[in-house]
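What follows is one structure encoded as structure tokens, with my remarks underneath.
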Amino acid sequence: METIKITIDNKQVEVEKGTTILDAARKMGIEIPTLCHMRLDDLNIENKPGGCRICVVEVQGRKNLSPACITKCDNGSVIRTHTPRVMNARRTVMEFILSDHPKDCLICPKSGTCDLQNMAHRLGIREIPGQEIAEMSTYRKDTSPSIIRELDKCIMCRRCEMMCNDVQTVGAIGAFNRGFMAAVGPAYEQNLEYSPCTYCGQCVAVCPTGALTEVDHTRDVLRAIVDPAKTVVVQTAPAVRAALGEEFGMKPGTLVTGKLVTALRELGFDYVFDTDFAADLTIMEEGTEFLTRLKKFLNGDKNANIPILTSCCPGWVNFFEHNYPDLKDVPSTAKSPQQMFGAIAKSYFADKININRKDMVVVSIMPCLAKKYESQRPEFSVDGNPDVDFSISTRELANFIRQANIDFVNLPESDFDRPLGESTGAAVIFGNTGGVIEAAVRTAYELYTGKKLNRLDFTELRGMEGVRQATIDFDGFPLNIGIAHGLGNARKLLDEVKAGRSNFHAIEVMACPGGCIGGGGQPLHHGDSSILKARAMAIYEEDRNKPIRVSHENPYILQLYKEYLGEPNSEKAHHLLHTHYFDRKAKIVVKQ
Amino acid sequence: MSKFRMHLLVCGGTGCRAAESSLILESLKRELEEKGLGNEVQVIMTGCFGFCEKGPVVKVMPDNTFYVQVKPEDAAVIVAEHVIKGRPVQRLLYVDPKSKEHVPDSKHMGFYRKQIRIALRNCGFINPENIDEYIAREGYAALGKCISELTPADVIDSIKKSGLRGRGGAGFPTGLKWEIASKNKADQKYVVCNADEGDPGAFMDRSVLEGDPHSILEAMAICGYAIGASKGLIYIRAEYPLAIQRLKIALGQAREYGLLGKNIFGSDFSFDIELRYGAGAFVCGEETALIHSMEGMRGEPTNKPPFPAESGFLGKPSNVNNVETFASVPVIISKGWEWFSSIGTEKSKGTKVFALAGKINNVGLIEVPMGTTLREIIFEIGGGIKNGKKFKAVQTGGPSGGCLTEKHLDTPIDFDNLVAAGSMMGSGGMIVMDEDDCMVSIAKFFLEFTVEESCGKCAPCRIGNKRLHELLTHITKGNGTMADLDRLKNMCNVIKDTSLCGLGQTSPNPVLSTLNNFMDEYVAHVTEKRCPAGSCRELMKYSIIVDKCVGCTACARGCPVNAISGERKGPHFIDQEKCIKCGACFEKCKFGAVLIN
């Protein structure tokens, strides 16, 4: 490692060659303010267009100020980060940015978590000179099933564009217009709905302002709760319990399952259930489907559709429907846990408590924005009545709890209702990248070999590497598994499958970096990847603490099959728990 | 090749073509055919002569007779008198404004006397669509010399020693640029010609491409040989259809002659060129933005380093030079660097092409040695200010240059002197202003362009320039304060200091230079609510001098908003509330009774 010596604010430091001024300063404990820059270290994600010019510093010998985020240190560089010239420039540029930003912070959904608001406060901006003659760049508001775009608030940091294009390779949005009217959106300023957007929500997860936010369904949920004619059932996804606490100041990685259940009861939900139950169900269905296909494959059937692709992630489903419609028979036909839950709640459970499905409202709490869209898909409803009525994100739930003045941190813990609240450790790990396939392996191994597993932690399937592969010994048969998180990584695996170069038997894909724990509906990470890692650890901790850790041992699942479904992949199971996919390439409208 | 006793050169530059010079070409051909002279006299459409003010231009060779403001119907008299009888047509000759005498040839015209044509050496001499004419004027000899006699290092050495600096604006030493690109090892390198000329009113590069396309192809091949590149790309704006057409013809001819393609001159050097079209964004003249545009990405600049010489087109080392820079290269090789470096000033060698425009008598394209003074350009070549008005300022360097004044007139123009004076060379736009021009409005005018052309990537340029423009508008409406002037200056300095690329780093120049040189005008706008040049409409007040008014009612009848009242044969009055300051009354009054202040 070649090192160089530099001086920042009169202090000497030795850094690795190629280090940026921003990183070198950070190493010395000097936090240079940045706005557009964002980096998720362990995920190899970095946004550094050098566009906001807030991080400018003085480098001796250079005529102009240099942006710290993209300027590499030279040997002997003398850098000053807070001279009057630098501070004046920073303030003036910040005034420019604010002069073209709405001032309705009081009612902005991002208020309190807005990077721009924080920066204005940090730089002590108390007035914006010339505001009275300053024109604002305004755009029409666009609402889609999951995401609201309010580009008046866009500051051209380009984080969303980087996520959508470089990380996800979705290409739904990019910079349009020039100069003052430049902003980021779909081609020809089309609605997001007609773009190839997968609603993964990673744009929302990184937006520093209120330009990109989720569609807020909490008021719909409240309306259902106060309606005496409705029985309101709530399900909550695994990743929510590992992140919700952050919204209330708890340390990242704090598990809040018990408090979450209590809070949901206090909010007035009639039944508090767990999506994890449906995750166990997914393993039964998808695992069985996989073993059926695998047997065909091993018997030489070329149409066995191996590798099987997981189908729990709605962003991923949207992605392959848009980009790989020719492969639409390859993913598992099993519905996602959210939809399996809705289907079972409005049939099996509605029958059990003796109500009509129309009088039941199913709400899901999800780390995800694509789930909103998924719940609105027409194939997931019966006579116009959706299996899942409303899907709200972790952030929306946190707001809901705050509005109800529930003291979340000090809530007592309680347990989910039965029967749809019982789950295993295998279901919990659905929240992490690699988790679905690990859960499937635990069950598939025992079903395939007829032997009991002697270990349950398949650490070779875990981690933050974008594309991972592992071979699991299925009692002599080497089962090849591929894992991708982030749609760009998924594309790499899919292209291999399409080209016939893949030797995988099963592939797990999650649209969001890190899996559901890094979902578009989670508390904002503000570019701190240690938060994602802490959530992942919490998920594995929950798994370890569960008395039952394989899906096919969940007694309520066994009961469900016994009482209602028969056996996995039965006709009834197919009817309720499986779906089919569409070629949606043509639905993308480039220009209307 | 047939021989002709006489050549009639018709200017095919943009201005002359707009004035129907192609009809002149046709008429001349027709006349010659009718008189049976088709085999004796050849009519050619050439590139730009530069003297656009007096276009369309027709030159008769070898007599060197220079006809100006020719009309298609003049073809008959030119053929009958000059071609057949050898008598120049006096009435079509240029008239010297001072001596009032007819000037028979261009050498003796004030416009051409101080010019030295290096980049424009073939413009107005050859048919740009005929490679043989280029070759006849030593074309491709320099490429031949490079390949057969010089090593790539020799070529770079010659360019370095010649002192040639980039003509696109920043003036980076060309030889050094080539050297850096040559040292970066890669399996593929590119030579890129920046033909994205975007300054309003500038047409230097366009004229070279339209008038002498082969010189660019030759220079790019020389550059390819020097840096070890086998591919060239010309990034040209699609609004230059004629230049594109001529480049395509030139490329076809050069390939046919084996001057482009595989194993040029039988050597192992291969080089070919492709055209890439731009959509006319000014920022795409910035080399990183240009490269992104060629790659099919949004035309936005990225931070440098890395410079294109290290990582350019498709991530490969690329050498980007402007058209005019390339145009000088072949002559430097054939005539030697010593010759080139003998022209110009100590740090700026050779010549520079300027597009003269504004309130000047001789609008057009000129090429002068570095070190020529602004006075020589404006008053000798340019023929002084239009309508005998007083010179006030000259804007050099296009919309991001600065306004220079009387006190800079005797400064020898070169890269460094212009920067020192608060302006820049830019690509060579030169706009002259007279006493009627309000300098606040001028600054506003140039800023309007940069606001429009900012790509929007970085905040200071995207928003800051817009705010500058708004504040200038505020001031020209008489709403500004002295504090606004301080704010204006601070905004300018911060935009310059923090913007990502050259566009934002220079866009406040017109404001800063006018603030420096014409502070009194700004102060008059804000403190007295007065525009000294009388051009800011909101600050004007029209009134009628009672003593001079005869009551003819012409003003009242001409007023579009009925703001003027008065009895016939009695004095008239203007209602200031109603007046929209259109100036109609001033135009109508024959007695000088309408006063503007």
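No value in this document is a laboratory result; all are computed from the given coordinates. Remember, predicted model here, so these are calculated numbers, not experimental data. Counting neighbours? That spans all protein chains shown, and the Cβs are built from the backbone with ideal geometry, glycine included.
Reported to two decimal places, what Rg/Rh ratio describes the protein assembly as shown when computed on Cα atoms with Rh from the Kirkwood expression?
Computed over Cα atoms, the ratio is 1.07.
Relative to a virtual label point 7 Å from the Cα of residue A:216 in the Cα→beta-carbon direction, which members of segment A:88-114 show backbone nitrogen distances below 19 Å?
Output list for this probe position: A:102-114.
Quick one: compute the contact order of chain B, relative version, from alpha carbon pairs under 8 angstrom and 6+ residues apart, as a percent.
Computed value for chain B: 11 percent relative contact order.
Give me the angle, in degrees from 0 to 90, between the Cα long axis of helix B:21-34 and the longest principal axis of the Cα atoms of chain B, rounded to the nearest 10.
60
If you average the C-alpha positions of segment A:352-414 and of segment B:126-145 separately, how far apart do those two centres end up, in angstrom?
When both Cα centres are located, 77 Å separates them.
In nanometres, what is the gap between the two model label sites at residue B:547 and residue B:245, each 7 Å from Cα along Cα-to-Cβ?
In this crude label model, residue B:547 to residue B:245 measures out at 6.3 nm.
Taking the radius of gyration and the Kirkwood hydrodynamic radius from Cα positions alone, what is the Rg/Rh ratio for segment B:131-341, to two decimal places?
Ratio value, two decimals: 0.93.
Counting only Cα, what are the radius of gyration and maximum Cα-Cα distance Dmax of segment A:98-161, in Å?
Cα only, segment A:98-161: 12.9, 39 Å (Rg, Dmax).
Hey, what did segment B:540-596 get for relative contact order, percent, Cα under 8 Å, at least 6 apart?
The normalised contact order for segment B:540-596 reaches 46 percent.
Which three numbers, in whole Å and largest first, are the semi-axes of the equivalent ellipsoid of segment B:279-418 derived from its Cα gyration tensor as √(5λ)?
The answer is 33, 21, 13 Å, longest axis first.
Once R0 is set to 41 Å, what does the formula 1/(1 + (r/R0)^6) return for the Cβ-Cβ distance between residue B:597 and residue A:131, expressed as a FRET efficiency to the nearest 0.05?
Efficiency at R0 = 41 Å is approximately 0.75.
Give me the angle, in degrees from 0 to 90, between the Cα long axis of helix B:213-227 and the longest principal axis of the Cα atoms of chain B, rounded to the nearest 10.
It works out to around 60 degrees.
Given the pairs A:153/B:457; B:29/B:114; A:5/B:347; B:457/B:489; B:114/B:390, which are separated by over 26 angstrom at their Cα positions?
As for pairs spanning more than 26 Å Cα to Cα, those are B:29/B:114; A:5/B:347.
Along Cα→Cβ, 7 Å out, is where each label goes; now give me the distance between the ones at residue A:410 and residue B:538 in nm to one decimal.
Each label point lies 7 Å from its Cα, and together they span 5.9 nm.
Can you tell me what percent of all Cα-Cα pairs in segment A:219-577 are more than 30 Å apart?
Every Cα pair in segment A:219-577 considered, those over 30 Å come to 32 percent.
Cross-link partners among aspartates and glutamates for residue A:17, C-alpha distance below 12 Å, same-chain residues fewer than 8 apart left out?
By straight Cα distance, residue A:17 reaches A:2, A:74.
Using Cα-Cα distances under 8 Å and only pairs 6 or more residues apart, what relative contact order does segment A:99-214 have, in percent?
With pairs under 8 Å counted, the relative contact order is 31 percent.
What's the ranking of A:122-133, B:562-573 by average number of surrounding C-beta atoms within 10 Å, highest first?
B:562-573, A:122-133
At 0.36 nm per residue, minus the direct Cα-Cα distance, what do residue A:87 and residue A:403 gain on full extension? Give it in nm, one decimal, please.
Here the answer is 109.9 nm.
At q = 0.10, 0.22 Å⁻¹, what log₁₀ I(q)/I(0) does a Debye calculation on the Cα points of segment A:99-214 give, no solvent, two decimals?
Per q value, in the given order, log10 I(q)/I(0) is -0.30, -1.31.
Suppose we take every Cα in chain B and form the convex hull; what volume per residue is that in Å³?
168
By Kyte-Doolittle mean hydropathy of at least 1.6 and Cα axial length of at least 20 Å, which whole DSSP H helices of chain A are selected?
Span-like helices here: none at all.
Inside 10 Å of the C-beta atoms of B:325-334, what's the mean count of C-beta atoms belonging to other chains?
Per-residue shielding by partner chains comes out at 0.
So for segment B:351-434, considering every pair of alpha-carbon atoms, how many percent are separated by more than 20 Å?
18
What is the sum of charges, Lys and Arg at +1 and Asp and Glu at -1, for the other residues whose Cβ falls under 10 Å from the Cβ of residue A:426?
Net of charged neighbours comes to -2.
7 Å from Cα along Cα→Cβ at both residue B:389 and residue A:41: what's the point-to-point distance in nm?
My value for the distance between the label points is 6.4 nm.
Suppose R0 equals 51 Å; then what is the FRET efficiency for residue B:481 and residue B:279 from their Cβ-Cβ distance, rounded to the nearest 0.05?
0.80
Counting just the Cα atoms, what span does segment A:526-592 cover along each of its three principal axes? Round to the nearest Å and put the largest first.
53, 43, 11
Give the separation of the Cα centroids, segment A:255-294 to segment A:8-65, in Å.
Between the Cα centre of segment A:255-294 and that of segment A:8-65, the gap is 44 Å.
Give the cross-link partners of residue A:533 among the lysines, using a straight C-alpha distance below 16 Å as the criterion and excluding same-chain residues fewer than 8 apart.
A:251
If you count, for every residue in A:55-67, the Cβ atoms of partner chains within 10 Å of its Cβ, what is the mean?
Mean shielding count: 2.
What FRET efficiency, computed as 1/(1 + (r/R0)^6) with R0 = 25 Å and r the Cβ-Cβ distance, is obtained for residue B:172 and residue B:335, rounded to the nearest 0.05?
0.65
Once each part is reduced to its C-alpha centroid, what is the distance from segment B:412-467 to segment A:187-231 in angstrom?
Using only Cα atoms, the two centres lie 45 Å from each other.
Let me make sure I get this right: for segment A:461-560, a, b and c are the square roots of the gyration tensor eigenvalues over alpha carbons, sorted descending. Under 1.5 in a/c it's rounded, otherwise prolate if a/b > b/c, else oblate. Which is it?
oblate
P(r) for segment B:1-155: what percent of alpha-carbon pairs falls in each 5 Å bin, starting at zero?
2, 9, 17, 21, 18, 14, 8, 5, 4, 3, 1, 0
For peptide A:87-99, how many partner chain Cβ atoms fall within 10 Å of a residue's Cβ, on average?
The per-residue average across the peptide is 5.
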